[in-house]
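Remarks on the structure that follows.
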Amino acid sequence: TLMTQSPATLSVSPGGSVTLSCRASESIRSNLAWYQQKFGQAPRLLIHGASTRATGVPARFSGSGYGTEFTLTISSLQSEDFAVYYCQQYYNWPPFFGPGTKVDIK
Amino acid sequence: EVQLMESGGGLVQPGGSLRVSCAASGFTFSDFWMSWVRQAPGKGLEWVANIMQDGSEKYYVDSVKGRFTISRDNAKNSLYLQMNSLRVGDTAVYYCARDRLTRRVVGGVISNPDYWGQGTLVTVSS
């Protein structure tokens with residue numbers, strides 16, 4: 001199952017909201033996770049099961065979708081939210097990650 | 001607090017070997033599947049291999065099969081990746097990750113990592 005993400009880059013002002021898209025080449029039901037990676041740091045799990053926030057993740061991060069279309073919405077962007085976001089499917093072999101969406105400061 | 005700390009990265013020539021390690025703490029290591037995920041410079045994430053709690057099952061991405069071996073020592077709370085016949089394309093930061101969830105599917109056992117280490121850089125170059 002191949003994963004695509006759009007857009008590749010998104011420029012946003014602090015305090016704004018963004019919606020990132022992740023698409024699977026075939027249905028993965030709700031077996032999708034979102035990760036945040038800041039420059040020079042390890043990825044951090046944000047969302048699993050398409051919409052369940054991981055431990056300690058702020059409520060401004062929300063995930064939705066099922067099947068082949070998924071979104072990650074970040075509301076009221078904080079300075080620490082500027083990063084690259086990856087989706088990962090864990091339904092079909094092999095466990096592909098998407099290419100990522102970079103969210104940077106406008 | 002869950003902590004994963006990789007070590008052992010470095011510069012190696014094409015065709016050479018290297019073993020990277022991961023020391024785990026803050027959780028019961030023997031209760032979890034573990035994975036290695038890598039990231040080439042400036043690129044995205046690529047899952048490499050995973051290993052069952054007791055080490056009896058291991059799965060690999062096709063590009064490293066026959067060259068890389070994942071292993072673990074539960075008594076030492078440690079995970080390892082032995083990399084042989086290294087290629088320039090194996091150059092990456094190698095992350096150790098704890099698997100929150102695994103699914104048995106056709107082809108292998110698929111992982112969804114939750115906690116990740118800070119990574120260790122492996123550079124394959126002449």
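The values are calculated or read from the model by the stated rules, or taken from the named source; none is laboratory data. As the structure is a prediction and not an experimental result, all values here were calculated from the model. In this analysis, Cβ positions are derived from the backbone assuming ideal geometry, glycine residues included, and neighbour counts consider all displayed protein chains.
For the residues B:ARG104, B:ARG72, the requirement of being farther than 15 Å from B:GLN3 by Cα, at pLDDT 95 or above and in a strand (DSSP E or B) singles out B:ARG72.
Taking the conditions exactly as written (part of a loop (DSSP other than H, G, I, E, B), within 17 Å of B:PRO14 (Cα to Cα) and of a type in the set (Ser, Thr, Tyr)), does B:SER126 satisfy them or not? Yes; evaluated as a whole, the condition is true for this residue.
Taken over segment A:17-37, the criterion of being within 13 Å of chain B (Cβ to nearest Cβ) and either among the β-branched types (Val, Ile, Thr) or under 15 Å from B:ASP114 (Cβ atoms) (or both) is satisfied by A:ILE28, A:ASN31, A:LEU32, A:ALA33, A:TRP34, A:TYR35, A:GLN36, A:GLN37.
Within segment A:89-106, being part of a strand (DSSP E or B), more than 7 Å from every other protein chain (Cβ to nearest Cβ) and not charged (D, E, K, R) holds for A:GLN89, A:THR101, A:VAL103, A:ILE105.
Any residue in segment A:15-26 that is touching a strand residue (DSSP E or B) at 6+ places or on another chain (Cβ under 6 Å) and within 19 Å of B:LEU101 (Cα to Cα)?
The first filter runs over segment A:15-26 and keeps only residues touching a strand residue (DSSP E or B) at 6+ places or on another chain (Cβ under 6 Å), leaving A:18-24.
Still in the list and also within 19 Å of B:LEU101 (Cα to Cα): none.
Checked against the condition, which is being touching a strand residue (DSSP E or B) at 6+ places or on another chain (Cβ under 6 Å) and within 19 Å of B:LEU101 (Cα to Cα), segment A:15-26 yields no hits at all.
Scanning segment A:62-83 for residues that are within 17 Å of A:HIS48 (Cα to Cα) and in contact (Cβ under 8 Å) with a residue 40 or more places away in the chain yields a count of 9.
Inspect segment B:49-59 for any residue being outside any loop (DSSP other than H, G, I, E, B) and touching a Lys or Arg at 6+ places or on another chain (Cβ under 6 Å) and give the result as yes or no.
Going through segment B:49-59, the residues outside any loop (DSSP other than H, G, I, E, B) turn out to be B:49-51, B:58-59.
Now restrict to residues that are touching a Lys or Arg at 6+ places or on another chain (Cβ under 6 Å): B:51.
Yes: one or more hits.
Can you find a residue in segment B:29-44 that is farther than 20 Å from A:PRO95 by Cβ and assigned to a loop (DSSP other than H, G, I, E, B)? Yes; the residues of segment B:29-44 include at least one that is farther than 20 Å from A:PRO95 by Cβ and assigned to a loop (DSSP other than H, G, I, E, B). The set of residues from segment B:35-62 being more than 9 Å from every other protein chain (Cβ to nearest Cβ) and loosely packed, with under 14 Cβ neighbours inside 10 Å comprises B:ALA40, B:PRO41, B:GLY42, B:ASP54, B:SER56. Does A:SER76 satisfy the condition of being among the hydroxyl-bearing types (Ser, Thr, Tyr), over 30 Å from B:THR120 (Cβ atoms) and in a strand (DSSP E or B)? Answer is no for this residue.
For beta carbons closer than 6 Å, sequence separation of 6+ or different chains, a first residue in segment A:38-53 that is farther than 11 Å from A:VAL84 by Cα and within 11 Å of chain B (Cβ to nearest Cβ) and a second that is among the hydroxyl-bearing types (Ser, Thr, Tyr) and in a loop (DSSP other than H, G, I, E, B), the qualifying pairs are A:GLY49/A:SER30.
What residue, of B:ARG103, B:ARG87, B:ARG72, B:ARG67, is facing chain A (nearest Cβ under 10 Å), among the basic types (Lys, Arg) and either under 21 Å from B:GLN13 (Cα atoms) or surrounded by 15 or more Cβ atoms within 10 Å (Cβ to Cβ) (or both)? Before you say what the answer is, go through the steps one by one.
Values: B:ARG87 fails: facing chain A (nearest Cβ under 10 Å); B:ARG72 fails: facing chain A (nearest Cβ under 10 Å); B:ARG67 fails: facing chain A (nearest Cβ under 10 Å).
Testing whether each residue is facing chain A (nearest Cβ under 10 Å), among the basic types (Lys, Arg) and either under 21 Å from B:GLN13 (Cα atoms) or surrounded by 15 or more Cβ atoms within 10 Å (Cβ to Cβ) (or both) leaves just B:ARG103.
Listed conditions (1) under 25 Å from A:ILE47 (Cβ atoms); (2) in contact with a strand residue (DSSP E or B) (Cβ under 9 Å, 6 or more places away or on another chain); (3) part of a loop (DSSP other than H, G, I, E, B) are all met by B:ASP114, apart from (3).
What number of residues within segment A:11-21 are buried (at least 16 other Cβ atoms within 10 Å of the Cβ) and touching a Leu at 6+ places or on another chain (Cβ under 7 Å)?
Within segment A:11-21, the subset buried (at least 16 other Cβ atoms within 10 Å of the Cβ) is A:12, A:18, A:20-21.
Narrowing the set further to residues that are touching a Leu at 6+ places or on another chain (Cβ under 7 Å) leaves A:12, A:18, A:20.
Residues flagged as buried (at least 16 other Cβ atoms within 10 Å of the Cβ) and touching a Leu at 6+ places or on another chain (Cβ under 7 Å) within segment A:11-21 amount to 3.
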